[in-house]
Each structure stands twice: as C-alpha cells, then as structure tokens.
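This report concerns only the one structure given below.
Since every read-out is calculated from the coordinates, none of them should be taken as a lab result. Owing to the predicted nature of the structure, the values given are computational and were not obtained by experimental measurement. Cβ atoms come from the backbone with ideal geometry, glycine included; neighbour counts cover every protein chain shown.
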Amino acid sequence: MDYFETILSVSLEDIELELRGLLPVPWADFWLNPRRLRGSDFLMRWSQGVWSEERLIQAVADTGRYFALAYGPSGTAPDDDVREFELYFERLERAGLGRLKRPDLLIFPHSARPEVEELVHGLGGIQELPFTPEDRPEMAKLVGRATIAVECENSLWIAKQMPDYGAALTPQRRLGGELGLKKGAVLPTVILKDEDRAVLGAWQQERGLNIHIWHVFYDLAFGLSLDRAEELVREGKIEPTVQVFQAPGGATTRKTIYKFYHLYAYPLGETEGEVKLVADRVVDKNGHILPYVRFEGGRLNLTAEALKVLDEVAAQRE
C-alpha cells in the first residue's frame with residue numbers, strides 16, 4: 001500500500017459508525033485518477049485532518065507567544081485540493097521518501113519567527129521541507145529553534161458527549177490492579193500507532209526535541225508527551241489495541257494502536273464558535289461526482305494548562 005493510501009486509511013470502526021443504516025450508492029465505485037474511493041469517508045477524513053491541523057496552527061498563533069509551522073509530509077501537503085494532495089504523495093514516492101516519518105508540526109517561540117521564516121524561505125518553502133534531508137545545517141538550525149514537535153491526530157467525535165467522558169479510574173483486574181477503565185469504555189483518547197513509536201522515539205532522541213501528540217476532537221483537544229505515553233505503556237496502564245484499517249483502494253491492514261485515556265493527557269484546547277459541515281464534491285475528468293462533507297469554521301483556544309506545558313519546555317531549552 002503506498003503512502004497516499006496509508007494517509008487516508010480509516011478505521012473500520014469509524015466507517016461502520018459513519019455508514020450504518022445506509023444503502024449502497026451508485027458512486028461507491030468512484031475512480032479518482034485512478035484511486036478508487038469506496039465512499040465519502042476517505043475524503044471526509046482528509047478534510048477533517050486539514051481542519052484540525054489548521055485549528056491547531058490558529059490556536060498556537062492566537063497566544064501571541066508561540067507559532068506553529070507545518071513540518072512533516074502530511075502537515076505540509078496541499079490542503080485545498082485532494083488531487084494535488086495525491087500528486088504530492090506520488091512525488092514523495094518517486095523521491096524514495098514515501099515512508100518518511102517526521103512530526104507534523106514544529107512549535108516555536110514568537111520571537112523566533114523572522115529567523116524561522118528566513119530559514120524556510122531559503123529551503124524553498126514549507127512544501128519542500130519533507131524533500132530536504134534533516135542533516136542539512138539549515139534544517140538542523142530550524143529544528144533547534146523549536147520548542148516542541150507535534151504529532152497530530154483527530155477523531156470524528158464530540159468528546160463531551162462520549163459515554164465515559166470524565167469517568168473515574170478504578171483498579172482493573174486485566175491491568176494487574178492498575179487504575180484504568182472497563183475494556184469497552186467509550187471516551188476521548190490520545191492515539192499513538194505502534195508503528196510510529198520507534199520512529200518518533202528515534203527522531204526525538206536524535207534531534208533532541210520533545211514530541212507531543214495533540215489529538216483534536218470536534219469540541220475539545222488533548223495533549224500528551226511521547227515520553228509520558230511510553231511511560232504509561234511500560235507501567236502496563238495502557239494496553240495495545242488491534243484495529244483494522246481500510247484504504248481508499250479497498251485494501252485492509254491490521255494495526256496495533258495505543259489509546260491513552262484523556263485523563264492521562266493535559267487539556268489542550270476547546271472549540272469556540274460554530275463548526276459547519278459543508279457539502280462538497282470532487283468531479284473527475286469523465287464527469288463522475290463524489291460528494292463528501294468538509295469541516296469549516298470554529299476556533300480552537302489553547303488552555304492555560306497547554307500554555308504552561310509550552311512555557312516549561314521553552315524555559316528548559318533556553
């Protein structure tokens with residue numbers, strides 16, 4: 001499975017929730033130059049990812065003390081045209097960089113903006129960053145000016161309406177008496193894929209920059225450092241979960257992921273204003289139409305806890 005398909009893969013659990021009760025539709029075998037999309041879930045996944053990262057960048061900028069820069073392959077990809085998004089990942093594949101894994105965002109102190117913008121301009125712009133080796137002096141300097149790196153995740157849930165949101169942790173037999181929740185608990189979690197653990201851990205150690213996972217829901221967002229996530233796994237407080245993911249072309253893969261209860265994370269932000277789900281469509285060269293829903297509007301406000309995390313890390317790096 002190529003990187004484009006991997007990026008747009010959707011958990012079958014989410015597909016079931018989105019399509020439950022719907023009858024087959026005539027555009028289910030839509031072909032998109034030439035990727036076959038089996039429904040609107042994949043385009044909606046792309047749209048939600050774009051929306052959530054834009055909200056994070058906006059929220060960080062609104063603090064006036066920090067700003068965010070798209071850095072990893074998915075973060076720097078085109079965000080206004082799914083075909084351009086596909087071509088971008090085809091270029092990555094041709095360059096032998098299809099499996100490149102870097103954090104999605106870099107967070108910088110506001111005072112570093114002129115220097116960072118000059119560095120990025122000299123490297124050819126944000127979209128060229130994934131094609132630039134990190135051993136180049138300019139890239140090392142760019143990462144060295146950052147406060148933290150961020151791996152972005154998102155979920156199609158209203159966090160506050162999830163049944164076990166805010167539930168208290170209790171001793172669990174399956175966890176050897178460690179505090180936790182029942183196995184089928186439905187609550188906001190911060191997700192880390194097992195396949196990303198070693199890669200992100202190695203990047204963090206090599207670059208000397210802490211990685212945090214920022215997980216955005218419809219209404220809330222939560223943050224968790226990679227170090228804390230690893231600690232929770234080592235202590236046996238979080239078990240691995242195996243999920244089946246389906247790609248736009250129909251291929252399925254089984255992936256091990258870790259779902260960290262939001263109770264272990266710090267509150268990152270809360271959405272303000274109306275988030276609209278706007279009808280949109282993709283039309284291929286033959287006139288076939290694939291409708292989907294994209295996210296629009298709303299603002300994310302960073303919490304005092306999130307700013308405290310950034311301030312503490314920034315002070316340590318001075």
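Here are the numbers:
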read-out	value
Which of V199, V309 has the fewest Cβ neighbours within 10 Å, and the rest in rising order	V199, V309
Cα radius of gyration and Dmax for the range 201-318 (Å)	19.0, 57
Ranked list, fewest to most other Cβ atoms within 10 Å of each Cβ, for I289, I126, I191	I289, I126, I191
Under 5 Å, built H, 5+ apart or other chain: amide partners of S225	I213
Neighbour-count order for S111, S74, S225, fewest beta carbons within 10 angstrom listed first	S111, S225, S74
Pairs beyond 31 Å (Cα-Cα), from K193/K276; K141/K276; K237/K276	K141/K276; K237/K276
Förster radius 41 Å - calculated FRET efficiency between V283 and E239 (Cβ-Cβ, nearest 0.05)	0.40
Peptides 181-187, 262-268 ordered by average Cβ neighbours within 10 Å, highest first	262-268, 181-187
For the range 181-186, 3J(HN,Hα) per residue [Karplus equation, 6.51 cos²θ - 1.76 cosθ + 1.60, θ = phi - 60°, Hz, x = Gly/Pro]	10, 4, 4, x, 4, 10
